[in-house]
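The values are calculated or read from the model by the stated rules, or taken from the named source; none is laboratory data. As the structure is a prediction and not an experimental result, all values here were calculated from the model. FYI the Cβ positions are ideal-geometry reconstructions off the backbone, even for glycines, and counts take in every protein chain you see.
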Amino acid sequence: MRAIKRQRPRRREPFKGLSQQELQDLAGRASYIGSPEHKDIPSPAGHPRPRADASICDRSISRDFTTPTEWLRAAIRSGNIGCPMEGDFPRYAWYKNGTDLYEARLVNRDNGQYKGFPLERFEWPEFLV
């Protein structure tokens with residue numbers, strides 16, 4: 001018999017403990033590196049390996065990571081970040097682009113590198129609705 005898949009709930013609480021200068025400094029050090037799990041075309045993240053349960057990134061932002069890195073940095077500068085802090089960086093950052101909300105998740109706490117993906121409306125953290 002297969003074990004029940006357990007998933008730890010996300011702690012998507014806003015983090016408000018940084019000054020504007022600290023947010024600026026963090027934003028300058030953070031970068032988007034993507035994940036092949038959210039791509040359906042080759043990208044700087046590597047050959048695509050989409051998971052069946054993963055959202056697929058828009059192809060226009062999958063070819064070059066300049067735009068997602070700008071979005072990530074804007075999210076951090078504006079304080080749209082979430083607990084917990086891992087090293088110097090927040091685990092989560094959120095960027096709203098029109099009616100879409102993207103979540104960036106820290107994947108390398110030493111280098112401040114994130115992957116990101118769009119969220120369905122029901123997945124949005126309550127404080128961002």
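Structure values in brief
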read-out	value
Hits in segment 62-79 (condition: touching a strand residue (DSSP E or B) at 6+ places or on another chain (Cβ under 9 Å) and either of a type in the set (D, E, K, R) or crowded, with 18+ Cβ neighbours inside 10 Å (or both))	S62, R63, D64, F65, P68, T69, E70, W71, L72, R73, A75, I76
Wholly within segment 70-129, strands (runs of 3 or more DSSP E) carrying at least 3 residues that are over 22 Å from E37 (Cβ atoms)	81-86
Verdict on P50 being within 25 Å of E13 (Cβ to Cβ) and out of contact with any His (no Cβ under 6 Å at 6 or more places or on another chain)	no
Odd one out for G87, checked against (1) under 12 Å from the mean Cα position of the chain (by Cα); (2) at positive phi	(1)
Qualifying position, being in a loop (DSSP other than H, G, I, E, B), charged (D, E, K, R), at pLDDT below 95 and under 18 Å from E120 (Cβ atoms), among R51, R8, R2	R51
Pair list, Cβ under 6 Å, 6 or more apart: segment 107-128 residue on the phi < 0 side of the Ramachandran plot, other residue aliphatic (A, V, I, L, M) and in a strand (DSSP E or B)	Q113/V107; Y114/A104; Y114/L106; K115/V107; G116/A104; L119/L101; W124/L101
Residue list for segment 11-36, restricted to those being assigned to a helix (DSSP H, G or I) and either at pLDDT 75 or above or of a type in the set (S, T, Y) (or both)	Q20, Q21, E22, L23, Q24, D25, L26, A27, G28, R29
Top-ranked residue of segment 62-88 - restricted to ones that are of a type in the set (A, V, I, L, M, F, W, C) and touching a Phe, Trp or Tyr at 6+ places or on another chain (Cβ under 8 Å), ranked as farthest from P118 (Cα to Cα)	M85
